[in-house]
Structures are given as C-alpha cells and as structure tokens.
1. State which residue is least open to solvent (accessible area, probe 1.4 Å) when the search covers only segment B:30-39 and only residues that are touching a residue at least 40 places away in the same chain (Cβ under 8 Å) and more than 14 Å from B:Asn142 (Cβ to Cβ).
2. In segment A:254-270, what residues are of a type in the set (A, V, I, L, M, F, W, C) and open to solvent by 70 Å² or more (accessible area, probe 1.4 Å)?
3. Criterion first (surrounded by 22 or more Cβ atoms within 10 Å (Cβ to Cβ) and not aliphatic (A, V, I, L, M)) does B:Ser266 satisfy it?
4. Could you list all residues from segment B:207-217 that are closer than 15 Å to B:Phe71 by Cβ and either without any contact (Cβ under 8 Å) to a residue 40 or more places away in the chain or not in a helix (DSSP H, G or I) (or both)?
5. Give the residues of segment A:271-304 that are in contact (Cβ under 8 Å) with a residue 40 or more places away in the chain, part of a helix (DSSP H, G or I) and open to solvent by less than 50 Å² (accessible area, probe 1.4 Å), sorted by residue number.
6. If you check B:Ser201, B:Ser130, B:Ser122, which single one turns out to be farther than 30 Å from A:Ile151 by Cα and in a helix (DSSP H, G or I)?
7. Looking at segment B:65-86, is at least one residue within 14 Å of chain A (Cβ to nearest Cβ) and either modelled with pLDDT of 90 or more or surrounded by fewer than 19 Cβ atoms within 10 Å (Cβ to Cβ) (or both)?
8. When you scan segment A:121-170, how many residues do you find that are in a strand (DSSP E or B) and farther than 26 Å from A:Tyr33 by Cβ?
Amino acid sequence: MDIIHVENLVKIYKGGIRAVDSINLNIKKGEIYGFLGPNGAGKTTTVKMLTTMIKPTSGNAIINGLDVIKDQAKVRKMIGLVPQDLSVDDDLKGIENLELQASFYGIPKDDARERANELLKLVDLYEAKDRYVSTYSGGMRKRLDLITGLIHNPEILFLDEPTLGLDVQTRAKMWDYISKLRKEYGITIFLTTHYLEEADSLCDRIGIIDHGKIVVEGSPSELKAKVGFDVVDIVVDNPELFKNILNDVSDISMMDNKTIRFKVPESEVYLPKLFQKIYENRLKIQRIRVEKPSLDSVFIKYTGKEMREHESEEEIMRTMRAIRRAR
Amino acid sequence: MGARISLTSRELKKWIRNPVQLFITLIQPLFWILLFGSAFDITKLIPSNIPGGSSLIMNSFFMGAKNYISFLTPGMLAIMGLFSAMFSGMSIIWDRRFGYLSKLIVAPIPRDSIILSKVFSSMVKAIVQSSILLLIAILVPNGLVLSSSFNILDLLLLFLILSMLIMGFSSLFSVIVIRVKKMETLMAITNLLNLPLMFASTAMFPSAIMPSWLKNVVNYNPISWAANSMRVLVLQGSIQWSSIINDLFYLFIFDVIMIIIVFIVSKYGFEE
C-alpha cells in the first residue's frame, strides 16, 4: 500500500488563485519523492495540505491510511515537517529546541534526551548542543531544523526546500544527511525543491510541478530518458570509415572536421557494441565525450521554460524576505 | 496540558535570557511611578486651607489615599498589565514570521496552547514586574503609603486581580494577532486601543472629576475594574469584599468571554 495517496487534490485560495490544480500522487514507503518546480508552482501549498496546515478545496489525501482532514490529529502524530523558513528558536539552546519539540508529542524527558542526542550525533551537532542557536551558522540551524522534525520518529518527513539559501558545499552536506536519515531510519521523505541537482541526486522519484499541475513524473533516469538522447562526441583517426560503422544511427553530424556527434537513446548499451565494431575495424579513438540528458532538459521539454530563470527570481524573493525581517 | 506548560516555559526562558528586555521590565516601573506620579499629581491643586482640610478631598475623591502616588500605584499596575498583555500577544507575530508557528500548527498540540502559553507567561511576568513596581512605589520619596491593615492575603488577591486583567487582555490581543498578520496594521490597532483604554479608566484619575459621559465609559473599562479593586486592597487593606466583589465579578466575566473566544478562534483561526 502507498504511504501517501493523493487523489485530485485542489487548492483554490481566496481571490480564485488555483495554487494546486487536481494533482494525484502515490508514494511508496521508504521512498524519497521530490516535487520539483519553480516558485509559485504549488509545491508549498501541497505540503501544507498534506501536513494538515491548510484544508484542501477538494480531493483526497491519505497519509498512511489516514485522511488528512478527518484524522487530522492522528496524521499530525506520524508526520514531521521542516518548513521552508527556518523554524528553530534562536533564544533557546540546540538541545532545548529538540526537547521542546519532543514535549509536543508527549515523549518522556529521558527518552527525548536520548533520541535528541542520537539525532544530534547523526548531523554532527552533538558538540554544539548546549550552545544558543543564535550562535549557529546557517547550515547548523538548517541541520537542527531537520532533526527537530524527526524527534518523534515520524513515518513521513516533509522537507520544504531543505537547502534553500545554503551555499553549494553546505547543500551537498545536507544531501548526505538526508540520505543518511533514510538509510538509518527507513523513513519516507517528501521534499520540494527548485534545485535540479538536488532532485537528481536525492530523489528516487520526481514529479515536476508547474502551475499547480504535475506535468511529468518518474525516476530521474526515466525522466531523462523521456527527453531522449545521450549526446556522444567522438574523434577517431578515420572519420569516413567510422561513419559507415554508425549505419544504425540516424542523427550524425560533424562538429568540426574531426569531431563526430551522434545521438543514441542509451549510451550505456550502445557504446560497448560500438567499441566492438571500432575494434574489429581497427579504428583508433582519440577522444570521446558522452553527455547524458539533464533534468534541465526535461524541465524545458515539459514546462517550456528554463528552470534557471526562476532561480534568480528566487534569490530576489529571498533578499526581499531578509530585508522585511531585518526591519 | 504538556504543550501548554512547555510552551509557557519557553516564553519565560526567552524572557529571562534577554538581558535588555529583563532590564527594561525592571526599570520601567520606576519611570512610570516617578514620571506619572510627578506629572499628573493633581492633589497639588488642592488648597490646604479649605474647611475640613485637604484630607476631606483626599477621602472623598482619592479613596483616602495619603498622596497621589498611593492613589496612582494600583492604576499603574493595571496599565502595566495592559502593556504586558499587549506585548505577549504580539509575540505570536514573530513566531509566524520566523516560521516557528508552522511547526506548532503541524504538531499534535491543542491549538489553544499556542495562545494560552502567551497568556500564562505574561501573567507570570506581570507578577514579577508588579512586585517591583510596588516596592519602588513604597521606596520613592512621598511614595505609596499602604494601609496599616494590608496583609499577605491582600497582596495575593492583588496578584490574582492583575492576572485576571492580563488573561483577558492578553487573550484579546492574541486573537487580534492571529487574524491580523501584518505588523503595520497590528501596530495601528494596538495604538488605537491603548490610549483610550489607559485614559478612559480610573487608573490615573478618580472618576469623580470626569464628565458624566466619560464616567459611563470608564465604568465599562476592565482597566477600571482592576484599578479600583486593587486600590481598595492597597488603601484599605484586609480585603473589603463588599467594595471589590462587583469588579471581581466583571473581570471574571471578561475572562470567561475572552477565553471562549480564544478557544473558538484558535480552533479555526490558524488556517491561512
């Protein structure tokens, strides 16, 4: 049975904005599922509905067999949320944040401490647990935020933009921690992101969402396969002879007078056969380069726009938020 | 009950650990007593050579207070309670801004605990602050003269009255904060409410000197109920039930209504 089952979920905000427009989801236990899409695509709204923060306008959402509207209280007990904005309390110590969170779930103090220490060690924060969160770096806060969402051992963890605003290195480290969580606890993770690399490296399955609709869904490699082709650039000592060998490939072009470019659906399968033929014809390969399709190309294919544009927009939004806060 | 207690202790921890806030909490009553006590001292206008002596006027207008600060202090306690309640309610807006509120909303805790923790913590804060205010009022020159029969029970009842006042107002402001999400709008609303609540009450001046239309308003202001009843305790001592029971009853009704509103609004109000 699917741990998250969503049917025709719709959210229309006041003013008639269709933030989420009839989405369907089936997520298996233990999976890391990623919602990839630009800002305003409906990712956070979906998370809010699945985590009982807001009520759907219509449709069903079943979490571990429980309805998010009818069994709100039970759903809350089995999910953990790490919201988009940092949600740890600066004026408390690291460990106090965790203990406070544990008290919401009625976890006895000793158990809470034990669990907190375990989680703190997992994300390398144990040494800093008695410091005030106000002294933490951005990455440390995010890690603390991540584990406060796990203090009650939830079945499903919702991560809304878990690495938003982190630098590249810190982001890669967060990915390690998230993968580690799944390995250690076998927890199901639903995450939203607008970073292609994040979805690619972390998720078992991805749904690309745009204008409140899931436009395409699948594992990162399935999605890339849908765009079609791996691009191979090759330089050999005898291009003319080589072209004859490539008789089963239709899309061949000369990049310069030496480099031949061709496209194949699956280079992993095709290239070994090609090498065999090259060997048989006594050709020599001087250079070879294979480019796999990226999620970027998938995104462009299904939404008709670049993901990158939105990143800069996101930067602007973030700066604006920071300014508003500073006031 | 767990979340209500742990969230209240979170508030208190934050309060104690913020040295500036704590310092202001402690120093503010001194300012209030010294500034308001000197600036508004209308008892200076009473001529000393009138028939019957100035004590006749003090008895009939100022509940028999020995000086203006004695009259003012219980009113100041009520006003301090109002401000304390206002700030605690407003802190919900910070929780919302810093994302903490979303974590609370997703947690399986009673919705009212989010508000009640603000209410309870501001009650504790106000009791600490009011003790300091009382002490300062006694120590300043020409300060508070307590009734000779003022005892520990009077003091406890005074804390109770103050807590009741804060429970009502803290609930009121919290409910406003839940529905009004913009800081600017909230500031405007609280400013609009504060001054009338403060001046249209018996906190600083006896209602006897007010025009009759204002008297009517003053009589329905919870600040007046708290100020009047605390004044009776401070100036007359040994709990004169007959003089305070009405005010206590009104405050009780005020609290009951506000708490009911808290439960209703918190149940449905946190949704966006």
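The values are calculated or read from the model by the stated rules, or taken from the named source; none is laboratory data. Here the structure is a predicted model, which is why all the values come from computation and not from measurement. When we count neighbours, we look across all protein chains shown, and the Cβ atoms used for this are built from the backbone with ideal geometry, even at glycine. Just so you know, the surface numbers come from the protein's heavy atoms only, side chains and all, with ligands and any DNA or RNA stripped out. Shrake-Rupley method; radii C 1.70, N 1.55, O 1.52, S 1.80 Å.
1. B:Trp32
2. Once the filter is applied, which keeps residues that are of a type in the set (A, V, I, L, M, F, W, C) and open to solvent by 70 Å² or more (accessible area, probe 1.4 Å), segment A:254-270 yields A:Met254, A:Met255, A:Val269.
3. no
4. B:Ser207, B:Met210
5. A:Ile278, A:Leu295, A:Asp296, A:Ser297, A:Val298, A:Phe299, A:Thr303 - these are the residues of segment A:271-304 that are in contact (Cβ under 8 Å) with a residue 40 or more places away in the chain, part of a helix (DSSP H, G or I) and open to solvent by less than 50 Å² (accessible area, probe 1.4 Å).
6. B:Ser130
7. There is no residue in segment B:65-86 that is within 14 Å of chain A (Cβ to nearest Cβ) and either modelled with pLDDT of 90 or more or surrounded by fewer than 19 Cβ atoms within 10 Å (Cβ to Cβ) (or both).
8. Within segment A:121-170, residues that are in a strand (DSSP E or B) and farther than 26 Å from A:Tyr33 by Cβ number 1.
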